[in-house]
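See structure below.
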Amino acid sequence: NMVAATPSGGWLSSSPVVPALGFPLTTRLQMTWLDEGVPGQLQPGKRPCTTLSPGLALRDGLPYMAFGTPGGDQQDQWTVSFFLRHAMGLNLQAAIDAPSWHIDHFPGSFWPRSLTLNRLTVEGRLPEATRQALREAGHDLRVGPDWSEGRISACTREPAAGGGLLLRAAANPRGMQGYAVGR
């Protein structure tokens, strides 16, 4: 069995209070709309939009890798770039440790749903030549601190020589604590 479990939500300090009701929306419920007639409208029996997106990859039809990250609108961007780096040959830790980035070209999913256009946020570790090429291509480039983008954790399992399974795991060195566990 494999599972990707990403702790997320419950950050009360970032959850807006509904004045008429006197209680805050969770960070996940913030993604719904209380306005009538919009696609994300909060309604009974309707599943709200969410940024939670744990990953499970199969190899030859069998579970191979579980992975995920917290990070709101950036989650899918960080996990796709991690997955592609690993699929192209980097080991788990190298694929996690590579300089990361995300785009901000959309309304944010969380209140107050700020709209940002044409912004690309990259880690300061991205080579200067690459950053300059991105600026020349017309991107509004925001350079964040080194080790600021992505919080990926991942584990893999594959048949070991002589039988059994070989487990590998890797965790992010960025920001919050990250752990990699296999059993």
- Task: Using per-residue counts of other Cβ atoms within 10 Å, averaged over each peptide, order 50-62, 32-44 from highest down.
- Result: 50-62, 32-44
- Task: Would you work out the relative contact order for the chain, in percent, from Cα pairs under 8 angstrom that are 6 or more residues apart?
- Result: 17 percent
- Item | Fluctuation leader among N172, N91, N118 - the chain, Gaussian network, Cα springs under 10 angstrom | N118
- Message: Please list 3J(HN,Hα) in residue order for region 120-130, calculated via the Karplus relation 6.51 cos²θ - 1.76 cosθ + 1.60 where θ = phi - 60°; whole Hz, with x for glycine and proline.
- Response: 10, 9, 10, 6, x, 6, 5, x, 4, 4, 5
- Task: Return the sequence-ordered ³J(HN,Hα) values of region 154-171 in whole Hz as given by the Karplus equation 6.51 cos²θ - 1.76 cosθ + 1.60 applied to θ = phi - 60°, using x for Gly and Pro.
- Result: 8, 9, 10, 9, 8, x, 9, 4, x, x, x, 10, 9, 9, 9, 8, 8, 9
- Of S100, S109, S153, the most mobile residue in a GNM of the chain (C-alpha springs, cutoff 10 Å) is S109
- Relative contact order of region 81-130, defined on C-alpha pairs under 8 angstrom at six or more residues apart (%): 30 percent
- Note on the structure: Comparing G163, G72, G89 in a Gaussian network model of the chain (Cα, 10 Å), the one with the largest mean-square fluctuation is G163
- Message: Give me a comma-separated list of calculated 3J(HN,Hα) values for region 53-63, in order, Karplus coefficients 6.51, -1.76, 1.60 applied at θ = phi - 60°, integers in Hz, x for any Gly or Pro.
- Response: 8, x, x, 9, 10, 9, 9, 6, x, 10, x
- Prolate/oblate/rounded label for region 44-152 (Cα gyration tensor, a/c 1.5): oblate
- Note on the structure: Averaged per residue, the 1.4 Å probe accessible area of the chain, protein heavy atoms only, in Å², is roughly 61 Å²
- Query: Efficiency by 1/(1 + (r/R0)^6): what FRET value for A20 and A160, r their Cβ-Cβ distance, R0 = 45 Å, to the nearest 0.05?
  - Reply: 0.15
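Considering only protein heavy atoms and a 1.4 Å probe, what is the carbon-and-sulfur percentage of the accessible area of region 121-183?
After summing per-atom areas, the C and S share lands at 53 percent.
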- Message: Can you tell me how the chain classifies by the Cα gyration tensor, rounded, prolate or oblate, using a/c under 1.5 as the rounded cut?
- Response: oblate
- Item | Amide H partners (placed H, <5 Å) of T116, local residues excluded | F106, G108
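The values are calculated or read from the model by the stated rules, or taken from the named source; none is laboratory data. None of the values given here were measured: they were computed from a predicted structure. As a convention, Cβ positions derive from the backbone with ideal geometry for all residues, glycine included, and neighbour counts pool all protein chains shown. Just the protein is used for accessible areas: all its heavy atoms, side chains included, with ligands, DNA and RNA removed. Shrake-Rupley method; radii C 1.70, N 1.55, O 1.52, S 1.80 Å.
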